[in-house]
Amino acid sequence: MMRGQITMSGTFDGHGGTFTMTMPSGMMPGGCSSSASGTFEMSDDMTELRCHYSGSNTCSGPFQHGEMMLHR
């Protein structure tokens, strides 16, 4: 069973911004924790959010070139 709470913060300006995210131990398999920061852009019609990020995981080390896309 995973426990904890993901913490996010950031700035938003028009159609984009920056963010940081922290996943504490227990939120990920193996008891790992992770943190990431990056940028995001919102499409003109506000239906798509694209994120680019990098960070570190306590079990596997640093990561780069992460991408996430959300659709509404």
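Can you send over the carbon and sulfur percentage of the accessible area for the chain, probe radius 1.4 Å, protein chains only?
55 percent
Hey, rough spin-label estimate for Gln5 and Ser54, points 7 angstrom out along Cα→Cβ, what's it come to in nanometres?
Label at Gln5, label at Ser54, 3.1 nm between them.
Give me the number: length gained by fully extending Phe63 to Ser43, i.e. 0.36 nm times residue separation minus the C-alpha to C-alpha distance, one decimal in nm.
On the way: separation 20, 0.36 × 20 = 7.20 nm, distance 2.59 nm.
Result: 4.6 nm gained on full extension.
Does the chain classify as rounded, prolate or oblate by the C-alpha gyration tensor (a ≥ b ≥ c root eigenvalues; a/c under 1.5 gives rounded; else a/b over b/c gives prolate, otherwise oblate)? Spell out each step's value before the answer.
Details: a/c = 2.35, a/b = 1.98, b/c = 1.19.
Prolate, since a/c reaches 1.5 and a/b exceeds b/c.
Phe19: accessible area at probe 1.4 Å, nearest 10 Å²?
Around 20 Å² of this residue is reachable by solvent.
Accessible area per residue of the chain at 1.4 Å probe, in Å²? Mind dumping the intermediate values first?
Values: 5130 Å² over 72 residues.
Heavy-atom SASA per residue in the chain reads 71 Å².
The values are calculated or read from the model by the stated rules, or taken from the named source; none is laboratory data. Remember, predicted model here, so these are calculated numbers, not experimental data. Don't worry about glycine lacking a Cβ; one is built from the backbone with ideal geometry, like all the others, and counts go over all protein chains shown. Only protein heavy atoms, including side chains, enter the accessible area calculation; ligands, DNA and RNA are left aside. Shrake-Rupley method; radii C 1.70, N 1.55, O 1.52, S 1.80 Å.
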